[in-house]
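Written out below as C-alpha cells is the structure these notes cover.
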Amino acid sequence: MGQLGTTIAHCAKPALGLGTSLCSGIDASTAARFPRGDAGVIRTNHPVFVMGHLALYPRRALELCGLDASGSDVPARYDELFAAGKECIEDTDGSHPGLEDVLACWQASTESAIARLPEADDDILAQENPIEGFRSRAPTIGDAANFLMNSHAMFHLGQLSAWRRAMGLASIS
C-alpha cells in the first residue's frame, strides 16, 4: 500500500458525489440531446456522453497502476461511442445507452478504482508514464492515474453542469 494511491482515491470521492448529483433530475428523454438556444443547437457534451466517457477511465487508471481492474468493466460499445477523440452526437434514434446505464457503469468503475488505488505501490506510481503522447501532461504513472480520476472527471463534470443550466435545470449547489 502506498500513500500516493490513497491520496488519489481520496480526492476522487468528491467527483463521484458530484457526478451523481449532477445527473439527478435529468429527464431520460433529454439526456442524450443537445440544448437549444436563441442561436440554435448548442453543441456540447450531453450527460449520456459525459458519463459514458468517464466510465472508461477508472479501469485505465487501475491498469496503469498494475492493479486488478475487475469490477471496472464497461460494455464494449462504450469505446465505440465515448472514447477519447469520439465526437458527442445527439441520440435521436435510441442507439445510445440510457443515462441510468451509463451513470451506473461510471459509479461502479469509479467505486472500484477508489477501493483499489490505495493498493498501488508508490514506487510504481513514481515510474514514467508509459503512454508517450500523454507523458507531457502526466509524466508519471501516478500523475496519469490522478489526472484520469480527478482532473479529467472534474473537467467533464463541469460540462455536465453547463449542460444542465443550458437545459433550464437548476444548479445543484
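The values are calculated or read from the model by the stated rules, or taken from the named source; none is laboratory data. Small disclaimer: the values here were computed from a predicted structure and weren't measured. Every residue, glycine as well, gets a Cβ built from its backbone with ideal geometry; the counts of neighbours run over all protein chains shown. Accessible surface areas use protein heavy atoms only, side chains included; no ligands, DNA or RNA. Shrake-Rupley method; radii C 1.70, N 1.55, O 1.52, S 1.80 Å.
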Under the Karplus curve 6.51 cos²θ - 1.76 cosθ + 1.60, θ = phi - 60°, whole-Hz ³J(HN,Hα) for the range 9-25, x wherever Gly or Pro sits: 5, 4, 5, 7, 4, x, 4, 4, x, 5, x, 5, 5, 5, 7, 5, x
Can you list residues from other chains, or at least 5 along the same chain, whose modelled amide H is less than 5 Å from the amide H of GLY2? ALA120, ASP122
Cα convex hull of the range 37-104: how many Å³ per residue? 96
From the phi angles alone, apply the Karplus equation (6.51, -1.76, 1.60; θ = phi - 60°) to the range 98-109 and give each ³J(HN,Hα) in whole Hz, x where the residue is Gly or Pro. x, 4, 4, 5, 5, 5, 4, 5, 4, 4, 5, 5
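For VAL74, VAL50, give me the order by solvent-accessible area with a 1.4 Å probe, most accessible first, ignoring ligands, DNA and RNA. Let's see the in-between values first.
Numbers: VAL74 40, VAL50 0 Å².
So the residues, ranked largest to smallest area, are VAL74, VAL50.
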If you place +1 on the Cβ of every Lys and Arg, -1 on the Cβ of every Asp and Glu, and leave all else neutral, what size is the dipole of the range 1-85 about its Cα centre, to the nearest 20 Debye? 180
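Can you give the helix-only mean residue ellipticity at 222 nm for the chain, where every DSSP H stretch with n ≥ 4 adds -39500 (n - 2.57) and the sum goes over all residues, rounded to the nearest 500 deg cm²/dmol?
After summing the helix terms and dividing by the residues of the chain, the value is -15000 deg cm²/dmol.
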Suppose every K and R has +1 on its Cβ and every D and E has -1 on its Cβ; what is the size of the dipole of the range 16-173 about the Cα centre, in Debye to the nearest 20? 640
Dipole of the chain, positive direction: furthest Cα of GLY142, ILE172, GLY85, with charges on the beta-carbon: ILE172
Filtering GluC sites (Glu not before Pro) in the range 68-145 by DSSP loop and by at most 10 other Cβ atoms within 10 Å leaves GLU87
Could you pull out every residue, at least 5 positions away or on a different chain, whose amide H is within less than 5 Å of the one on THR140? Hs are placed 1.01 Å off N in the peptide plane, and Pro or chain starts have none. ASN129
Residue-normalised accessible area of the range 25-173, expressed per residue, 1.4 Å probe, Å²: 49
